[in-house]
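Below is one structure, written out as structure tokens, with a few remarks after it.
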Amino acid sequence: ETSLKITSERNMDFTAVGGSGKILYTIDDNVDELLPDATPSAAWITDINVEAESIDFKVEKNSSTSKRTGSIDVTFEGQKVTVKVIQAGAANELELVASSKNVRVGEPLSFIVIFNAEDVTAESKIYDYNTHEEVSNPITYDQMGEYVYYAQYNGKRSRVLTINVVPAATPDFVADTEPDNFNFNHRTLIINHTGVDCPNCPGMKQMLKEMSEDPYYNGSINIIYSHSYTSSGMCYSEDNSIFKSYFKEVCKTSYMPFSGYPSATYNLQHDFCAGTTTVKSQTDVVRKDIAEAAVSIASVIDGDNLIISAELKTSVTQSYRIAVWMLEDGIKESQYGATESWMNEHHDVIRYSLTPISSSDISGLDWGYLLANETSRKVFELPMKSNASWNVDNMKFIVVLSAPSKEHDNKYEVVYTTMCEIGQNRPIEYK
């Protein structure tokens with residue numbers, strides 16, 4: 001049995017001018033090296049040329065002011081994958097377009113200037129918005145930062161265009177294999193507030209282990225451990241004391257405040273802090289089948305920094321924030337009150353937050369306001385911390401996406417979580 005996979009973007013955008021496109025694909029176990037068929041849905045998608053691992057095509061000029069959408073069906077031995085082709089309409093205003101809005105240091109970036117579906121780049125000039133000096137096209141950057149430009153043509157001036165120049169080591173964004181799918185899997189974030197000197201904590205640890213192994217729960221939860229019971233011990237870190245202060249504050253007037261150990265908090269919510277006997281029932285209360293947004297992650301270590309290429313995809317209109325917390329596995333430390341030997345090895349332990357935290361806010365960095373059915377890409381360069389007692393080889397990170405909750409006075413509540421090994425990628429998890 002063969003498997004057809006599209007490895008390039010499944011949504012391909014074109015300006016009104018049109019141009020050339022390329023679809024990249026792979027076919028597993030294709031021993032006979034057969035080629036797939038590629039069939040366009042619209043007459044303005046032309047010149048289809050199928051080669052091994054790629055399909056070239058052209059998009060004609062769109063003289064209409066309306067955006068148009070077509071597709072190319074790639075089929076092979078009963079399998080079909082559809083690539084959507086989206087073309088902007090002709091605009092009666094000057095447009096400045098770049099080959100990418102995120103470009104690495106050292107990579108060339110090219111601009112085109114469009115007016116009424118015509119490429120007028122050769123007759124136009126492009127200027128730096130801050131200095132009003134003309135810039136070269138293409139342009140290559142030697143420093144990271146945000147750069148803003150505008151174009152002028154025949155007495156007309158375009159809207160500004162912002163380019164983000166990111167580190168040279170920035171990983172490629174993860175390709176979305178289901179661009180029209182907005183049914184994201186929801187994983188409830190459970191933070192177990194615990195400590196190796198806590199005599200009652202093994203009971204909670206046993207309960208969470210059972211939940212993580214239960215098919216009913218294991219695909220719908222992410223459990224992490226904040227050791228803040230005492231400041232002694234290998235599992236404790238200063239950031240865990242901030243997590244403790246945050247949850248004590250936000251839960252102090254709730255139905256079940258954070259008053260002792262062990263305690264479990266959910267999704268940054270502010271109305272319940274579960275104990276061992278209530279952790280499962282409260283998980284059932286806050287459980288959701290579908291997340292309203294999701295984020296894919298590509299990561300790489302560059303010197304002392306973790307660089308993350310993240311794409312956010314939302315089904316609703318709202319603002320978002322993103323937090324990144326480092327976790328460590330395999331910490332061997334004696335657990336007071338342990339009833340089984342496995343309890344003396346600790347996993348998913350919070351070491352520190354790469355994004356800002358305080359006793360009043362742990363939601364991280366502002367992503368911005370997105371419209372429903374929109375995607376947004378950002379690159380984060382986050383400084384790593386070091387500690388002689390940490391084993392970096394056993395570390396990973398969790399990404400926590402949150403949004404304002406009407407049920408909690410518009411305080412931020414977790415929407416989506418995903419765990420990722422350092423230097424690895426995590427695509428969006430669909431339902």
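The values are calculated or read from the model by the stated rules, or taken from the named source; none is laboratory data. What you are looking at is a predicted structure, and each value in this text was computed from that prediction instead of being measured. We place every Cβ from the backbone using ideal geometry, glycine too, and count neighbours over all the protein chains shown. The accessibility values were calculated without ligands, DNA or RNA, using every heavy atom of the protein model including side chains. Shrake-Rupley method; radii C 1.70, N 1.55, O 1.52, S 1.80 Å.
Could you please state how large a percent of the accessible area of the stretch 7-124 is carbon and sulfur, counting protein chains only and using a 1.4 Å probe? Could you put the intermediate results ahead of the total?
Working: 2730 of 6070 Å².
Exposed carbon and sulfur together represent 45 percent of the surface.
Can you list residues whose amide H is under 5 Å from Tyr430's amide H, if they're 5+ apart or on another chain and H is modeled 1.01 Å from N?
Asn185
Counting only protein heavy atoms, what percent of the accessible surface of the stretch 149-217 is carbon or sulfur at a 1.4 Å probe? Spell out each step's value before the answer.
On the way: 1270 of 2850 Å².
Carbon plus sulfur share of accessible area: 44 percent.
Considering only protein heavy atoms and a 1.4 Å probe, what is the carbon-and-sulfur percentage of the accessible area of the stretch 222-271?
On the way: 990 of 2010 Å².
Carbon and sulfur atoms account for 49 percent of the accessible area of the stretch 222-271.
Counting other C-beta atoms within 10 Å, and keeping those with at most 15, which DSSP coil GluC sites (Glu not before Pro) do you find in the stretch 253-346?
Glu333, Glu340
Roughly what would the spin-label model give for His408 and Ser66, points 7 Å off Cα along C-beta, in nm?
Going by the 7 Å Cα→Cβ label model, 4.5 nm.
Nearest 0.05, what FRET efficiency do Ser241 and Ser220 give at R0 = 35 Å with Cβ-Cβ as r? Kindly include the intermediate steps, with their values, before the conclusion.
Details: r = 29 Å, r/R0 = 0.84.
It comes to 0.75.
Using DSSP to define loop residues, name the chymotrypsin sites (Phe, Trp or Tyr not before Pro) in the stretch 112-186 whose beta-carbon has at most 13 other beta-carbon atoms within 10 Å. Mind dumping the intermediate values first?
Values: sites: Phe115, Tyr127, Tyr129, Tyr141, Tyr147, Tyr149, Tyr150, Tyr153, Phe173, Phe182, Phe184; in loops: Tyr129, Tyr141, Phe173, Phe182.
Loop-located and lightly packed - Tyr129.
Please list, in chain and number order, the residues 5+ apart from Lys125 or on another chain whose amide H is under 5 Å from its amide H, with Hs placed from the backbone.
Result for Lys125 returns Gln152.
Between Tyr129 and Gln424, what is the FRET efficiency for a Förster distance of 51 Å, r being their Cβ-Cβ separation, to the nearest 0.05?
Details: r = 37 Å, r/R0 = 0.73.
Result of the calculation: an efficiency of 0.85.
When the chain is fully extended, how far beyond the present Cα-Cα distance does Asp302 get from Thr339, taking 0.36 nm per residue of separation? It would help to have the intermediate numbers written out before the result.
On the way: separation 37, 0.36 × 37 = 13.32 nm, distance 4.21 nm.
So the chain would gain 9.1 nm between Asp302 and Thr339.
Relative to the longest principal axis of the chain, what angle (0 to 90°, nearest 10) does the C-alpha long axis of helix 201-213 take?
40 degrees
What nm value, rounded to one decimal, do you get for the distance between Leu371 and Met384 when each label is placed 7 Å out toward the C-beta?
Between Leu371 and Met384, the simple spin-label model gives 4.0 nm.
So if R0 is 51 Å, what FRET efficiency would Lys101 and Ser232 give, r being the distance between their Cβ atoms, rounded to the nearest 0.05?
Numbers: r = 48 Å, r/R0 = 0.95.
That pair, Lys101 with Ser232, gives E of 0.60.
Beyond a 26 Å Cα-Cα separation, which of these cross-linked pairs lie in this structure: Lys22/Lys80; Lys205/Lys431; Lys5/Lys288; Lys101/Lys396?
On the way: Lys22/Lys80 17 Å; Lys205/Lys431 28 Å; Lys5/Lys288 30 Å; Lys101/Lys396 29 Å.
In this structure, Lys205/Lys431; Lys5/Lys288; Lys101/Lys396 exceed 26 Å between Cα atoms.
Work out, step by step, the length gained on full extension between Lys22 and Val148: first 0.36 nm times the residue separation, then minus their alpha carbon distance; give nm to one decimal. Kindly include the intermediate steps, with their values, before the conclusion.
On the way: separation 126, 0.36 × 126 = 45.36 nm, distance 2.87 nm.
42.5 nm is the gain from fully extending Lys22 to Val148.
5 Å is the cut-off here: which amide hydrogens, built 1.01 Å from N in the peptide plane, fall below it relative to Glu118, excluding neighbours closer than 5 in sequence?
Under 5 Å from the amide H of Glu118: no residue qualifies.
With unit charges on the beta carbon (Lys/Arg positive, Asp/Glu negative), name the residue among Thr339, Ser309, Asn200 whose Cα is farthest towards the positive pole of the charge dipole of the chain.
The residue sitting most towards the positive pole is Asn200.
Given a 1.4 angstrom probe, what's the average accessible area per residue across the stretch 3-73, in square angstrom?
Working: 3920 Å² over 71 residues.
Per-residue value: 55 Å².
So with the 1.4 Å probe, I'd like the accessible area per residue for the stretch 284-431, rounded to whole Å². Mind showing how you got there, number by number?
Numbers: 6550 Å² over 148 residues.
Ligands and nucleic acids excluded, the result is 44 Å² per residue.
At 7 Å along Cα-to-Cβ for each site, give me the label-to-label distance between Asp180 and Met256 in nm.
Taking the two extended label points, one gets 4.3 nm.
Only one of the values [x] 23.9, 87; [y] 25.2, 86; [z] 25.2, 80 was calculated from this structure for Rg and Dmax of the Cα atoms in Å; name its label.
[z]
Calculate, for the stretch 125-174, the solvent-accessible area per residue in square angstrom, rolling a 1.4 angstrom probe over the heavy atoms of the protein chains. Provide the component values of the computation, followed by the final result.
Values: 3020 Å² over 50 residues.
Averaged over the residues of the stretch 125-174, the accessible area is 60 Å².
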